[in-house]
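Read the structure below first, then the notes.
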Amino acid sequence: MMIKRSEYERWMKQAERTLASARRDLEEGYYEWASFKAQQAAELAVKALLRGLGYAPIGHSITRLLRELRAEGFEIPREILSMAMELDRNYIAPRYPDAYSEGAPFEYYSEDVAGELISYAEELIEFVRGLARDSGGA
């Protein structure tokens, strides 16, 4: 499959910028926001590939988006899906106090948790770049 490079790149640029913002939040101690932005960066990267292929993906589940790619014939390793599932658990919880029975979201996040989620986002972004290269895109 050929990728529309301009569409892929504009989405991937935003994924990279969001990841950079997550790293800054990690450095500043905003671990809940770093975690959420890690999810967003990975979501944007997967959407970059889907949009580059001519699809208009909706929703925010990285796991579901990867399964869409699998349905199109892309091989998605189990480890990548596991990272996506972990990132997906951080789409709502870091932002809404009612996601927890008590306390505020920031009380449930640490440097280690946020750092791990950022590393997952980095791996997912690299994985998407590899798929795009293999498809004649970027």
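Between helix 62-71 and the chain, what is the angle of the helix's C-alpha long axis to the longest principal axis, kept within 0 to 90° and rounded to the nearest 10?
Helix 62-71 and the main axis of the chain meet at about 20 degrees.
Please determine, in degrees from 0 to 90 and to the nearest 10, the orientation of helix 31-52 with respect to the longest principal axis defined by the Cα atoms of the chain, where the helix direction is its Cα long axis.
10 degrees
For every helix of n ≥ 4 consecutive DSSP H residues, a contribution of -39,500 (n - 2.57) applies; sum these over the chain, divide by its total residues, and give [θ] at 222 nm rounded to the nearest 500 deg cm²/dmol.
Details: 5 runs with 91 residues, N = 138.
Here the helix-only value at 222 nm equals -22500 deg cm²/dmol.
Compute the acute angle (0 to 90°) between the alpha-carbon long axis of helix 111-134 and the principal axis of greatest extent of the alpha-carbon atoms of the chain; round to the nearest 10°.
With rounding to tens, the tilt is 0 degrees.
From the Cα gyration tensor of region 1-54, with a ≥ b ≥ c the square roots of its eigenvalues, which class applies: rounded if a/c is under 1.5, or else prolate if a/b is larger than b/c, or else oblate? Don't skip to the answer; put the middle values down first.
Numbers: a/c = 5.44, a/b = 2.91, b/c = 1.87.
Prolate shape, in that a/c is at least 1.5 and a/b is the bigger ratio.
Per the Kirkwood treatment, what hydrodynamic radius in Å, one decimal, follows for the chain from the mean inverse distance over all distinct Cα pairs? Mind showing how you got there, number by number?
On the way: mean 1/r = 0.0668 Å⁻¹.
Every distinct Cα pair counted, the radius reaches 15.0 Å.
Just add up the charged neighbours of ALA34: K/R +1, D/E -1, any other residue whose Cβ is under 12 Å from the Cβ of ALA34. Present the calculation step by step, with values, prior to reporting the outcome.
Values: positive: ARG23, ARG24, LYS37; negative: ASP25, GLU27, GLU28, GLU32, GLU111, ASP112, GLU116.
Local net charge: -4.
With an 8 Å cut-off on Cα pairs and a minimum separation of 6 or more residues, tell me the relative contact order of the chain in percent. Walk me through the numbers before you get to the answer.
On the way: 198 pairs, mean separation 50.0, N = 138.
The value is 36 percent.
Coordinate-derived values only; no laboratory data. Note that the structure is a prediction, hence the values are computed from the model and not measured. Glycine gets a Cβ as well: all are built from the backbone with ideal geometry, and neighbour counts include every protein chain shown.
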